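Some notes on the structure that comes next.
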Amino acid sequence: MITTPRRGKQLADKVYQDIKDDIFEFRLLPGDRFSENEMAQRTGASRTPVREALFRLEREGYVEVSPRNGWQVKPFDFHYFEELYDVRTVLECAAVRRLCELENLADTLQPLMSLWGVPEDQRLRDISGVLNLDENFHSELVRTAGNGEMTRIHQNITERLRIIRRLDFTKRARIDATYDEHHAILETILHRRVEPAQIMLKAHIEASRNEVRKITLHMLYEARRQGSGDTGDALPAPASGSGSGSRAGA
């Protein structure tokens with residue numbers, strides 16, 4: 001069968017998402033090495049879409065390639081993630097200040113207030129859904145502040161942090177805390193209390209950062225202990241029905 005350019009792109013997109021899902025779900029662990037042939041066998045695709053997918057993941061910072069050693073899932077650099085969290089906190093606190101200076105603030109915040117002020121029995125519980133809502137909350141704070149360049153930088157940081165932020169919603173208590181804290185932050189912004197809102201936002205992000213780091217270290221330990229990181233002669237097959245349920249805390 002002849003592979004058209006459009007079908008080739010679709011295959012590369014599918015392979016890209018499959019590999020990314022495996023990285024996000026810790027089926028491929030930081031530091032795991034593999035060849036393009038092994039990944040082609042794992043995904044059931046030819047080397048061409050596999051190569052395209054891997055170079056895309058390399059540009060996004062999830063994998064790296066060495067001429068002699070093949071491909072590797074990029075090792076976790078906690079210092080790098082800490083720096084991303086620091087920049088994100090600065091951007092969101094600056095956005096809070098700008099928001100408090102807006103006219104028609106109540107109308108501007110109404111959509112977010114409606115989402116995060118719901119009763120407990122109406123709150124989402126699935127990781128993917130809460131992740132998307134959480135990212136939307138923080139992204140909307142920055143976007144609504146009205147600085148396009150700030151928004152672009154924040155979106156880039158959000159994407160890079162997603163691989164570990166998703167872990168924060170694996171516990172119900174963290175989901176409820178996120179709803180409560182988001183609503184409290186919005187209420188404080190609505191009353192144009194800049195410094196209290198910034199303090200609450202910083203504490204909210206810091207709590208999530210600490211929880212994510214703890215869970216990440218635990219998951220890496222458990223995955224290694226159970227032998228999930230043993231690539232051997234061939235990579236383990238991907239789990240069936242995997243989805244990219246990315247998530248996060250703050």
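Numbers at a glance
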| read-out | value |
| --- | --- |
| Count of residues meeting criterion [surrounded by fewer than 17 Cβ atoms within 10 Å (Cβ to Cβ) and under 26 Å from the mean Cα position of the chain (by Cα)] in segment 1-23 | 5 |
| Residues satisfying the stated conditions in segment 177-212, i.e. open to solvent by 40 Å² or more (accessible area, probe 1.4 Å), charged (D, E, K, R) and part of a helix (DSSP H, G or I) | Asp180, Glu181, Glu187, Glu195, Lys202, Glu206 |
| Test: Arg165 is among the charged types (D, E, K, R) and surrounded by 22 or more Cβ atoms within 10 Å (Cβ to Cβ) | yes |
| Whichever residue in segment 176-193 is among the aliphatic types (A, V, I, L, M) and at pLDDT 95 or above and, among such residues, is nearest to Asn104 (Cα to Cα) | Leu190 |
| Considering residues of segment 95-110 that are in a helix (DSSP H, G or I) and open to solvent by less than 80 Å² (accessible area, probe 1.4 Å) only, the residue farthest from Arg152 (Cα to Cα) | Ala106 |
| Selected residue (only one of Ala40, Ala12 is closer than 23 Å to Glu159 by Cβ, touching a helix residue (DSSP H, G or I) at 6+ places or on another chain (Cβ under 8 Å), modelled with pLDDT of 90 or more and of a type in the set (Gly, Ala, Ser)) | Ala12 |
| Residue list for segment 24-41, filter: assigned to a helix (DSSP H, G or I) and buried (at least 19 other Cβ atoms within 10 Å of the Cβ) | Phe24, Met39 |
| Pick from segment 42-94, criterion part of a loop (DSSP other than H, G, I, E, B), in contact (Cβ under 8 Å) with a residue 60 or more places away in the chain and of a type outside the set (Phe, Trp, Tyr), ranking: most open to solvent (accessible area, probe 1.4 Å) | Glu60 |
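The values are calculated or read from the model by the stated rules, or taken from the named source; none is laboratory data. These numbers come from a predicted model, not from an experiment. Neighbour counts are summed over all protein chains in view; Cβ atoms, including those assigned to glycine, are modelled from backbone coordinates with ideal geometry. Please note that ligands, DNA and RNA were not included when accessible areas were found on the heavy atoms of the full protein model with its side chains. Shrake-Rupley method; radii C 1.70, N 1.55, O 1.52, S 1.80 Å.
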